[in-house]
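The values are calculated or read from the model by the stated rules, or taken from the named source; none is laboratory data. Since the structure is predicted, the reported quantities are computational estimates derived from the model, not experimental observations. Cβ placement follows ideal geometry from the backbone for every residue including glycine, while neighbour counts extend to all protein chains displayed.
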Amino acid sequence: MAIDMGKTTAAGKAPGTEEPPDTGLRTPPEAGDRHQLTALQGLAALSLDAMASVAYGPESIVLVLAAAGAYGLGFTLPVTLAIAALLAVLVASYRQVIAAFPDGGGSYAVAKKHLGRRTSLVAAASLILDYVLNVAVSVTAGVAALTSAFPELYGERVWICLGVLVLVTAVNLRGVVDSAKAFLVPTAVFVGSILTMVAVGLFRDGPVSTASAAGHASALGEGATGVGALLLLKAFAAGCSALTGVEAVANAVPAFRAPAARRAQRTEVALGALLGVMLIGLSVLIGRFHLQPVEGVTVLAQLADASFGHNLAFYVVQFATMVLLALAANTSFGGLPVLMSLLARDNYLPHVFALKADRQVHRHGVVWLALVSAALLVFSGGDTNTLVPLFAIGVFVGFTICQVGMVRHWYGERPKGWQAKAGLNGFGALLTGVSAVVVTATKFTEGAWLIVLALPLIVLGFEKVNRAYAQIGARLELGRIPQPPRCSRSLIVVPVSGLSRLTCQALTAARSLGDEVLAVTVTHTGPEDRQAAEALRRDWELWKPGIELIEVASDTRSLGRPVSAYVRELMQKHPDAQVTVLIPETEPAHLWQRMLQNQRGSVVAHAVRRDTDAVICRLRFRITADAR
């Protein structure tokens, strides 16, 4: 049979993932590289999530510190500098991860090697949650920016979200390079507009425009004269949402052109540098313009208004932000399918996720991500606030596991200067671990409990898939030398309901496959059924195919159960014989014509598969479009 769902190699790899044999032939590098990323394309394909986070990262800090009034807002820059320091630690760490694990996987690969199987599965589960939620949050945030500009579209926000998701999915199904090329211009426009805004804002003299905040209520707290450590910690944890997406490059190293690790490292460093400059620059502007959180107006909009004024440049920043937020989902489409392929190769996900299409696309992973994200969008009603509390927890869990794993890595390898590197990773693990605890505790009642519940459930799902593959492998005796093949008597059972060209082809194929062929027809007790059975018997005798027609009586109009009962009885009479049920079926020329079929073959196949261990062979007779 052509189906072998549980097949793995002796090394435990999924089918189709083994290294190809060395035939002595070499494919020109450009033939495969044109479907893989350069460093610049990697920045557009895998960094949109991190880039777009500057739209809500500084605002998250301001909203927390605003509880302490204007005095609290004065700590925006110190908190941002602490986040930038953590960003530098993460970039340095993931640069090392890329070099040590060039096959991708990020925190999953690190944990798998240094922290054990169960911890690696927790890391993988956290990454999956992060990627799925990133798609939903990014799309809803982008559509929210659109509906803010055009309020009449608010009622259609769910459909708009689904439309954006379909667009991003369609681009990624064409390949990661095509998605990078499509999103390179929006990324460049957004980064350029933010950096220009920072530069203009730093050197601008004269009165500050507040047109965007006019008529909106301030969200600033009153009566506070001090800032406690807990508030600063909450602000730090909230601002760390700007770090989401930093790990995406390390997860998708195989998507880069050779030398993949070096190109991925350059992309990681460029991402960290741009993100750090934008975050610090925006925080400096917040302090320079003494901005306050305002209901209904984003901090980024206030900064653009204060820097440029309420003119064309202001709308360029808003439009670029809206587009990039909507397209930030592309980071997940670039990273998650690669991670799922690694999990599939390790037998923790169905092996179909390890398959690649012609354009180096893991299409099953892309489609799965799109479907789950669509369900989340419908469930949330296109509301960003419903999803944001769930967003950052998985990221911090993955960060912490990766940092701890790298500490173990340096301790085991002990290269020159390993103490400093291990100390850096250990400090990063402490910061991200504390952030994970703070975010989970503060957002628990707002929906974070769903993540706390989902993480172990996903890990249990990985374990169940792995056990299933282990059972299949044990049953197939994978990794062992099988017994020599032997010749046994072969009985072919062919269900028939009438005489046709299909019947002739089925019996011809059966004769070529087996030692003995048995044609089986099910007869019923009704008057019309008896007449049909007598007509078939008469036609069979006139045809004389040289094959016995066996009639199986049934008191009901059942078809599958009588055939499976006969096959089971046949197997009991001939325990040493190989019994095969060959089911003839037609395959129409057009897809819509399949609705016209009676599905007899499917009914018989299901019953025989359920009740017996017989081999099932479904013979398809293709009907061409010009058939008469």
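Per-residue answers, yes or no, for (1) modelled with pLDDT under 85; (2) small (Gly, Ala, Ser); (3) surrounded by 14 or more Cβ atoms within 10 Å (Cβ to Cβ); (4) under 23 Å from SER602 (Cβ atoms):
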residue: GLY498; (1), (2), (3), (4): yes, yes, no, yes
residue: ALA506; (1), (2), (3), (4): no, yes, yes, yes
residue: ALA519; (1), (2), (3), (4): no, yes, yes, yes
residue: THR525; (1), (2), (3), (4): yes, no, no, no
residue: GLU528; (1), (2), (3), (4): yes, no, no, no
residue: ALA532; (1), (2), (3), (4): yes, yes, yes, yes
residue: LEU542; (1), (2), (3), (4): no, no, no, no
In the range 239-271, residue nearest to ASP103 (Cα to Cα) [restricted to those that are modelled with pLDDT under 85 and among the polar types (S, T, N, Q)] = ASN251
Kindly indicate which of ALA84, ALA111, ALA67 is small (Gly, Ala, Ser) and under 24 Å from the mean Cα position of the chain (by Cα).
-> ALA111
Counted residues, the range 536-561 - those being free of Cβ contacts under 8 Å to residues at least 24 places away in the same chain and assigned to a helix (DSSP H, G or I) = 4
Out of (1) touching a strand residue (DSSP E or B) at 6+ places or on another chain (Cβ under 9 Å); (2) of a type in the set (Gly, Ala, Ser); (3) surrounded by 12 or more Cβ atoms within 10 Å (Cβ to Cβ), what's the single condition that is false for GLY473?
-> (1)
Using the structure shown, decide if LEU146 is in a helix (DSSP H, G or I) and modelled with pLDDT of 75 or more.
-> no
Can you run down the residue pairs with Cβ atoms below 7 Å, 6 or more apart or on separate chains, where the first is in the range 336-351 and free of Cβ contacts under 8 Å to residues at least 24 places away in the same chain and closer than 17 Å to LEU371 by Cα and the partner is surrounded by fewer than 24 Cβ atoms within 10 Å (Cβ to Cβ) and of a type in the set (Lys, Arg)?
-> none
Can you name the residue in the range 273-315 that is in contact with a Phe, Trp or Tyr (Cβ under 6 Å, 6 or more places away or on another chain) and either among the hydrophobic types (A, V, I, L, M, F, W, C) or not in a helix (DSSP H, G or I) (or both) and, of all such residues, is surrounded by the most Cβ atoms within 10 Å (Cβ to Cβ)?
-> ALA304
Only one of these conditions is not met by MET322: (1) crowded, with 24+ Cβ neighbours inside 10 Å; (2) closer than 23 Å to LEU162 by Cα; (3) in contact (Cβ under 8 Å) with a residue 40 or more places away in the chain. Which number is it?
-> (1)
Please name all residue pairs, on different chains or six or more residues apart, with Cβ atoms under 7 Å, provided the first residue is in the range 275-295 and is in the same structural domain as VAL189 (by TED's automatic domain parsing) and the second residue is surrounded by fewer than 24 Cβ atoms within 10 Å (Cβ to Cβ) and of a type in the set (S, T, N, Q).
-> GLN292/SER218; VAL294/SER218
Say whether the condition of being without any contact (Cβ under 8 Å) to a residue 12 or more places away in the chain and in a helix (DSSP H, G or I) is met by at least one residue in the range 262-271.
-> yes
Within the group GLY479, GLY412, which residue is over 30 Å from ALA229 (Cβ atoms), surrounded by fewer than 14 Cβ atoms within 10 Å (Cβ to Cβ) and touching a His at 6+ places or on another chain (Cβ under 9 Å)?
-> GLY412
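Taking the criterion of being of a type outside the set (Asp, Glu), over 20 Å from ALA45 (Cα atoms) and in contact with a Ser or Thr (Cβ under 7 Å, 6 or more places away or on another chain), would at least one residue in the range 125-142 satisfy it? Before the answer, list the steps.
Taking the range 125-142 and keeping what is of a type outside the set (Asp, Glu), we get 125-129, 131-142.
Subset that is over 20 Å from ALA45 (Cα atoms): 125-126.
Applying the additional criterion that residues be in contact with a Ser or Thr (Cβ under 7 Å, 6 or more places away or on another chain) yields none.
No, every residue in the range 125-142 fails to be of a type outside the set (Asp, Glu), over 20 Å from ALA45 (Cα atoms) and in contact with a Ser or Thr (Cβ under 7 Å, 6 or more places away or on another chain).
Output yes when any residue across the range 255-272 is closer than 23 Å to THR76 by Cα and either over 21 Å from the mean Cα position of the chain (by Cα) or buried (at least 18 other Cβ atoms within 10 Å of the Cβ) (or both), and no when none is.
Filtering the range 255-272 for residues closer than 23 Å to THR76 by Cα gives 271-272.
Filter once more, keeping what is either over 21 Å from the mean Cα position of the chain (by Cα) or buried (at least 18 other Cβ atoms within 10 Å of the Cβ) (or both): 271-272.
Among the residues of the range 255-272, at least one is closer than 23 Å to THR76 by Cα and either over 21 Å from the mean Cα position of the chain (by Cα) or buried (at least 18 other Cβ atoms within 10 Å of the Cβ) (or both), which makes the answer yes.
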Examine the range 556-573 for a residue that is modelled with pLDDT of 85 or more and among the β-branched types (Val, Ile, Thr), and state whether such a residue exists.
-> yes
Got a sec? Which of GLY201, GLY192 is closer than 30 Å to GLN96 by Cα, in the same structural domain as LEU431 (by TED's automatic domain parsing) and at pLDDT 70 or above?
-> GLY192
Selection within the range 116-143 - among the aliphatic types (A, V, I, L, M) and either within 15 Å of GLY461 (Cβ to Cβ) or at pLDDT 85 or above (or both) | LEU121, VAL122, ALA123, ALA124, ALA125, LEU127, ILE128, LEU129, VAL132
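Pick from the range 360-411 the residues that are in a loop (DSSP other than H, G, I, E, B) and among the small types (Gly, Ala, Ser): which of them is modelled with the lowest pLDDT? Break it down stepwise before answering.
The first filter runs over the range 360-411 and keeps only residues in a loop (DSSP other than H, G, I, E, B), leaving 360-362, 381-383.
Adding the requirement that they be among the small types (Gly, Ala, Ser) leaves 381-382.
Values: GLY381: 74, GLY382: 62.
The selected residue is GLY382.
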